[in-house]
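**Q** This is the structure, below, for whatever I ask next.
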Amino acid sequence: MTGSLFVFWGVTEHDAYVIPSVRYSATDNVGIEIGGNLFAGRESQTMFGALDKNDNLYATVRYSF
């Protein structure tokens, strides 16, 4: 299992973009990943704040051979 966290913090605008994810190898050929894209900040005044309503979560199952 592998976890990942990317955080971009806008120091001058006080906004943020956070990308957490967890990846698990169920077998040698099958991998599963769950993660998200999260935005924070003042909605009308900052770059990431303008995207605040676009938060999302995702799940992926990948088979490789």
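**Q** Just checking, how many residues over segment 45-62 are open to solvent by less than 70 Å² (accessible area, probe 1.4 Å) and outside any helix (DSSP H, G or I)?
**A** 4
**Q** Please tell me if Ser21 is in a strand (DSSP E or B) and either open to solvent by 100 Å² or more (accessible area, probe 1.4 Å) or under 19 Å from Ala59 (Cβ atoms) (or both).
**A** For Ser21, the condition - in a strand (DSSP E or B) and either open to solvent by 100 Å² or more (accessible area, probe 1.4 Å) or under 19 Å from Ala59 (Cβ atoms) (or both) - is met.
**Q** Shifting gears a bit: If you check Phe65 against the conditions, is it modelled with pLDDT under 95 and loosely packed, with under 13 Cβ neighbours inside 10 Å?
**A** yes
**Q** Go through segment 26-44 and report how many residues are free of Cβ contacts under 8 Å to residues at least 24 places away in the same chain, assigned to a strand (DSSP E or B) and open to solvent by 80 Å² or more (accessible area, probe 1.4 Å).
**A** Number of matching residues: 0.
The values are calculated or read from the model by the stated rules, or taken from the named source; none is laboratory data. This structure is a prediction, so every number in the text was calculated from the model and none was measured. Using ideal geometry, Cβ is built from the backbone for each residue, glycine included, and neighbour counts are taken over all protein chains shown. These accessible areas exclude ligands, DNA and RNA; they are computed on the full protein's heavy atoms, side chains included. Shrake-Rupley method; radii C 1.70, N 1.55, O 1.52, S 1.80 Å.
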